[in-house]
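To keep things clear, I will list the structure first and then write my remarks on it.
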Amino acid sequence: MTYPRDLIGYGANPPDPKWPNGARIAINFVMNYEEGSEPSVQDGEGFTEVALTDAHGLGQGVDGRDLAGEGLFAYGSRVGFWRLMRLFQNRGLPMTIFGCALALERNREAAQTIRESGFDCCCHGWRWIKHFELSEAEERDHIQRAIASLKETLGERPLGWYCRYGPSVNTRKLVVEEGGFLYDSDAYDDELPYWTEVDQKAHLVVPYSLTNNDTKFCGSFATSNDYFEWHKDAFDMLYREGATAPKMMSVGLHMRLIGHPARAAGLERFLDYVMGHEDVWITRRIDIARHWTETHPYSGPLA
């Protein structure tokens, strides 16, 4: 019986990614745009989502609409989004948007700003819901609706895919079946991109991170310095290792979390810290995927 997991990966000898200009590390900042697509009474779920907000874990148990919970999400799109955009644009830094299609439909001003920014958008689903609870037909429909929606709001179709937390057993197959995606990021198992094979088609995976992520403000982080020190330590180790074995670092951001001033201060310090180093490739996710496709084309056992 075949064991459907790869526990080995690149092993002791990962490939040299050959990042541009001999960079020791490629770092990609990801802003998750989810606000307005989360489970809600208005969209039929019968409850208000409060995950990854300051109400996370409080167990208020509100029947029907939780207006406080709705407001905690709305802060992200009303305020946090603009603060994060300023932090990156004022420094001339690239960023990737993990965009939920319905959320961007509901904030056309933000969508237009992203459209004009030069940031790339990786499809974060039609809605910020659990894909592993969808049937195969439902999930296929969600993927198709998301592509059409993002093409309309942002001016071009997404080339990357990442759904909420964990994919279903069908997600990658459906992404490959759709035919227009260059990569997906529904993986947390490596610090370099890698190829896989789906239905005898080569498919690129660019892993994401829940570790280098502001979601720790819902548990582990209390201050902006917690955030800064954690990410600084991760960057420093990867930068040291990058002298002989360059890797990639993904940094996840949520507008309703890191978008608050006392938290954004930690991100601000980290951005300036990273910019103070040479041989660092701060880049978009699509550029990492294209670089890997061109520099490390698939050479596996396709029939």
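All of the numbers you see were taken from the coordinates with simple rules; none came from a lab. Model, not experiment: these values are computed from the prediction. Reconstructed Cβ throughout: ideal geometry from the backbone, glycine too, with neighbour counts over all protein chains shown.
Just to be sure I understand: of the beta bridges DSSP finds with both ends in the stretch 20-295, what percent are antiparallel, rounded to 5?
On the way: 5 of 31 bridges.
Just about 15 percent of them are antiparallel.
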HN-Hα J couplings of the stretch 209-224 from phi, Karplus 6.51/-1.76/1.60, θ = phi - 60°, integer Hz, Gly and Pro as x? 9, 9, 8, 8, 7, 6, 4, 5, 5, 8, x, 7, 8, 10, 10, 5
Interchain or long-range residues, amide H under 5 Å from CYS122's placed H: ILE97, PHE98, GLY99
Compute the relative contact order of the stretch 20-295 as a whole-number percentage, counting only Cα pairs closer than 8 Å that sit 6 or more residues apart in sequence. 28 percent
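Let me check I've understood the local charge: for GLU34, count other residues with C-beta under 14 angstrom from its C-beta, Lys and Arg +1, Asp and Glu -1. What total comes out? If you can, show how the numbers build up before the last one.
Numbers: positive: ARG78, ARG106, ARG127, LYS130, ARG164, ARG256; negative: GLU35, GLU38, ASP43, GLU49, GLU70, GLU105, ASP214.
Here the charged neighbours net out to -1.
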DSSP loop (so not H, G, I, E, B), at most 13 other Cβ within 10 Å: list which GluC sites (Glu not before Pro) in the stretch 3-53 pass both filters. GLU45
So for the chain, taking the charge dipole from beta-carbon charges (+1 Lys/Arg, -1 Asp/Glu), which of PRO297, LEU174, THR244 sits furthest toward the positive end? THR244
For the stretch 27-80, averaging the sequence separation of alpha carbon pairs under 8 Å that lie six or more residues apart and dividing by its residue count, the contact order in percent is 35 percent
Given charges at Cβ of Lys, Arg, Asp, Glu: the stretch 20-295 dipole, positive-most of VAL30, VAL205, SER135: VAL30
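Per-residue ellipticity at 222 nm for the chain, helices alone: DSSP H runs ≥ 4 residues times -39500 (n - 2.57), over residue total, nearest 500 deg cm²/dmol? Before the final figure, lay out the partial values.
Details: 9 runs with 104 residues, N = 303.
It comes out at -10500 deg cm²/dmol, rounded to the nearest 500.
Before anything else, pin down the relative contact order of the stretch 60-125: Cα pairs under 8 Å, at least 6 apart, normalised by residue count, whole percent. Each step should come with its number before you reach the end.
Numbers: 35 pairs, mean separation 22.1, N = 66.
So the answer I get is 33 percent.
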Using unit Cβ charges (K, R positive; D, E negative) and no other charged atoms, how large, in debye to the nearest 20, is the dipole of the chain about its Cα centre? 580 debye
